[in-house]
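The structure under discussion appears below in the form of structure tokens.
The values are calculated or read from the model by the stated rules, or taken from the named source; none is laboratory data. Remember, it's a predicted structure, so these values are computed and weren't measured experimentally. Ideal geometry is used to build each Cβ from the backbone, glycine not excepted, and the neighbour counts take in all protein chains shown.
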Amino acid sequence: MQTQGTDAVMVTETDGTKKRVFSGIQPSGELHLGNYLGAIKGWADRQNEKVNFFCIVDLHAITVPQDPETLRSRTRSVAAMLLASGLDPSRCTLFIQSHVPAHAEGCWLLNCVTPIGWLERMTQFKDKSAGQQRVSTGLLDYPVLMAADIILYDADEVPVGDDQKQHVELARDIASRFNRLYGETFVVPEPVIPEVGARVMGLNDPAVKMSKTHSAARGHAVAMLDEPEEIERSFRRAVTDSGNEIAFSDDPAKAGVNNLLGIYKVVTGRSKDDVAWDFEDARGYGDLKARVAEVVIEELRPIQQRYHRLMGDVGELDSLLARGAEQAEAVSGPKLREVKERVGLVLPG
Ligand code: TYM
């Protein structure tokens, strides 16, 4: 495991020309191909160009019930998976949200400038609370915590999948409102959504986004830790259509094939035209599914090997996360103090 002390902070402090990036991921279920292609792969590929903060958002995870032991082990497991996927602690700050109290405190300060109506209209809140008997205050407040995550780092860019766009837009609204009320304090962040891969769909139902919530359904998701045989089986069962044309398409009836081609495109990094060439000689959908499975298996194989090595040394993983938290605190702590000062709190002497 590569670590280089406080390099990431030094870059942050001395190089004002590099854009700042913040993104987060919940340790609430097994990471899947949607998380990897919509977010993690892009984070890893573009670390050199930016000053990066990546956060495992355990406080967000507990807005819905979690088994404590499972949450604890999943949090470390997500950290190991991010490192295995190429996040490099010498080029990014990787940390656990609850290790940096500025996030929860910042959330409170931002709550006090956020109209409740802004939260009630969030589609993810409506989806997650629909039909639930008990809905926590935390679930409603979820996007304000997410805004605190982002704006406490003066992030310019927030690379996320399509489903998080509305939350990032809310963070923009909250930052702008605070700036109007108290004077220029926060950078107003931009969501950065990949052109392809932003919405990887379920293999069993290409009308539904691949998600941790539906992961238990047979053939829905490819988990990043699935064995090759399991991955082959999931793709073999993938829902397509009754035709035989292998082409990118916006037609909802062709969403299954479009999803498979999108997965292939992001994994291989090829252009749409090159992908079309690759499948010119394909013998039907069976062939398409087998080839997509093959590139996914080859992409995940080295990640899985690195993951298992990293999980073999939990002490090293924990100390790396502790260093990440220190680096994150060094950036978000002073910002939080500035916010407190602006709203009129007496700072401790
Ligand atoms: P989470 O944990 O649900 O997902 C992590 C990232 O994976 C993306 N993603 C997908 N992309 C494409 N296709 C899919 N099927 C798919 N499923 C998930 C998500 O868009 C996300 O980018 N609220 C966030 C976590 C968060 C955060 C933040 C993100 C908390 N604070 C600050 C950015 C900045 C979430 O629940 O992501």
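Since Asp149 meets every condition but one in (1) more than 21 Å from Asn52 (Cβ to Cβ); (2) in contact with a Phe, Trp or Tyr (Cβ under 9 Å, 6 or more places away or on another chain); (3) acidic (Asp, Glu), which condition does it not meet?
If we test Asp149 against (1) more than 21 Å from Asn52 (Cβ to Cβ); (2) in contact with a Phe, Trp or Tyr (Cβ under 9 Å, 6 or more places away or on another chain); (3) acidic (Asp, Glu), just (1) comes out false.
Please state which of the following conditions Val187 fails to meet, knowing it meets all the rest: (1) within 12 Å of the ligand (Cβ to nearest atom); (2) aliphatic (A, V, I, L, M); (3) not in a helix (DSSP H, G or I).
If we test Val187 against (1) within 12 Å of the ligand (Cβ to nearest atom); (2) aliphatic (A, V, I, L, M); (3) not in a helix (DSSP H, G or I), just (1) comes out false.
Return the only residue of Val158, Val196 being under 26 Å from Thr17 (Cα atoms) and under 18 Å from the mean Cα position of the chain (by Cα).
On the way: Val196 fails: under 26 Å from Thr17 (Cα atoms).
Answer to the check: Val158.
Which residue is farthest from the ligand (Cβ to nearest atom), if the candidates are limited to the stretch 208-223 and must be among the hydrophobic types (A, V, I, L, M, F, W, C) and touching a helix residue (DSSP H, G or I) at 6+ places or on another chain (Cβ under 6 Å)?
Val222
Six or more apart or on different chains, Cβ atoms under 7 Å: show the pairs whose first residue is in the stretch 135-147 and closer than 14 Å to Val64 by Cβ and whose second is within 11 Å of the ligand (Cβ to nearest atom) and among the polar types (S, T, N, Q).
Note: pairs meeting the criteria are Ser136/Thr63; Gly138/Thr63; Leu139/Thr63; Tyr142/Thr63.
Assess whether Leu71 counts as being at pLDDT 95 or above and within 16 Å of the chain's Cα centre (by Cα).
Values: at pLDDT 95 or above: yes; within 16 Å of the chain's Cα centre (by Cα): no.
In short, no.
Of all residues being more than 8 Å from the ligand (Cβ to nearest atom) and assigned to a helix (DSSP H, G or I) in the stretch 37-50, which is modelled with the lowest pLDDT? Just the residue, please.
If we take residues in the stretch 37-50 being more than 8 Å from the ligand (Cβ to nearest atom) and assigned to a helix (DSSP H, G or I), then Glu49 is modelled with the lowest pLDDT.
Out of Val113, Val144, I need the residue that is more than 21 Å from the chain's Cα centre (by Cα), β-branched (Val, Ile, Thr) and under 23 Å from Glu190 (Cα atoms). Which one?
The conditions single out Val113.
For the stretch 51-72, name all the residues that are more than 14 Å from the ligand (Cβ to nearest atom) and either in a strand (DSSP E or B) or in contact (Cβ under 8 Å) with a residue 24 or more places away in the chain (or both).
Across the stretch 51-72, the qualifying residue is only Val51.
State the number of residues belonging to the stretch 249-295 that are at positive phi and free of Cβ contacts under 8 Å to residues at least 24 places away in the same chain.
Adding up the residues that qualify gives 1.
Are there any helices (runs of 4 or more DSSP H) wholly within the stretch 217-335 with 2 or more residues that are under 18 Å from Asn35 (Cβ atoms), and if so which?
Qualifying helices (runs of 4 or more DSSP H): 228-236, 255-268, 284-311.
Just one of the numbered conditions (1) at pLDDT 95 or above; (2) among the small types (Gly, Ala, Ser); (3) out of contact with any Pro (no Cβ under 7 Å at 6 or more places or on another chain) is not true of Gly16; which one?
Result: Gly16 passes all but (1).
Among the residues of the stretch 194-207, count how many are near the ligand (Cβ under 10 Å from one of its atoms) and at pLDDT 95 or above.
The total comes to 3.
Can you give me the number of residues within the stretch 126-149 that are within 12 Å of the ligand (Cβ to nearest atom) and at pLDDT 95 or above?
Looking only at that region, the number is 9.
Kindly establish whether Arg199 is basic (Lys, Arg) and within 22 Å of Ala61 (Cα to Cα).
Details: basic (Lys, Arg): yes; within 22 Å of Ala61 (Cα to Cα): yes.
Considered against the rule, which asks whether it is basic (Lys, Arg) and within 22 Å of Ala61 (Cα to Cα), Arg199 comes out as yes.
Count, please, the residues in the stretch 150-184 that happen to be of a type in the set (Asp, Glu), more than 13 Å from the ligand (Cβ to nearest atom) and either in a loop (DSSP other than H, G, I, E, B) or at pLDDT below 95 (or both).
The total comes to 2.
Return the residue satisfying two criteria in turn: it lies in the stretch 73-91 and is in contact (Cβ under 8 Å) with a residue 24 or more places away in the chain and hydroxyl-bearing (Ser, Thr, Tyr), and of such residues it is farthest from the ligand (Cβ to nearest atom).
Across the stretch 73-91, the extreme among qualifying residues is Ser90.
Going by the structure shown, is Leu94 closer than 24 Å to Arg309 by Cα, within 15 Å of the ligand (Cβ to nearest atom) and assigned to a loop (DSSP other than H, G, I, E, B)?
Details: closer than 24 Å to Arg309 by Cα: yes; within 15 Å of the ligand (Cβ to nearest atom): yes; assigned to a loop (DSSP other than H, G, I, E, B): no.
Considered against the rule, which asks whether it is closer than 24 Å to Arg309 by Cα, within 15 Å of the ligand (Cβ to nearest atom) and assigned to a loop (DSSP other than H, G, I, E, B), Leu94 comes out as no.
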